[in-house]
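The values are calculated or read from the model by the stated rules, or taken from the named source; none is laboratory data. Predicted model, so just to flag it, every value in this text is computed and none were measured. Positions of Cβ are generated from backbone atoms using ideal geometry, with glycine treated the same way; all protein chains shown enter the neighbour counts. Surface areas here come from the heavy atoms of the whole protein model, side chains and all, with no ligands, DNA or RNA. Shrake-Rupley method; radii C 1.70, N 1.55, O 1.52, S 1.80 Å.
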Amino acid sequence: MYELLTKCFQKTDVLAIQYVKHANKDVNQVILAVESPCQENVEYSLNQMVELKFKVENITDRSELLELIF
C-alpha cells in the first residue's frame, strides 16, 4: 500500500481508499477513487500502477459500477 501511494500519485491528487485485507491470503483488494487537477496525472498514475504490476481496471466510463461503489 505504501508503494502504491508514494509512487503512483501526485501531492495534488485527492484519494478515497477502500481497502480490505484478508487474513492468510496473498491477494487483497483496494478500490481507489482519485480526483486530480489534470488528466496527465491520472494517466501517470495508471501507468505507474501497471508498471508496479498492480491489477488495474479504470471504471470511469462504467456508471453501473460507480453507482454500486459510491
**OP:** State whether one or more residues within the range 13-31 are modelled with pLDDT of 85 or more and of a type in the set (Ser, Thr, Tyr).
**Re:** no
**OP:** Could you list all residues from the range 17-36 that are of a type outside the set (S, T, N, Q) and not in a strand (DSSP E or B)?
**Re:** Lys21, His22, Ala23, Lys25, Asp26, Val27
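Out of everything in the range 47-67 that is part of a helix (DSSP H, G or I), of a type in the set (A, V, I, L, M, F, W, C) and under 20 Å from Glu35 (Cβ atoms), what residue ends up being least open to solvent (accessible area, probe 1.4 Å)?
Restricting attention to the range 47-67, the residues satisfying the condition of being part of a helix (DSSP H, G or I) are 47-51, 63-67.
Now drop any that are not of a type in the set (A, V, I, L, M, F, W, C), which leaves 49-50, 65-66.
Restricting the remaining residues to those that are under 20 Å from Glu35 (Cβ atoms) gives 49, 65-66.
Numbers: Met49: 22, Leu65: 50, Leu66: 56 Å².
Going through the qualifying residues, I end up with Met49.
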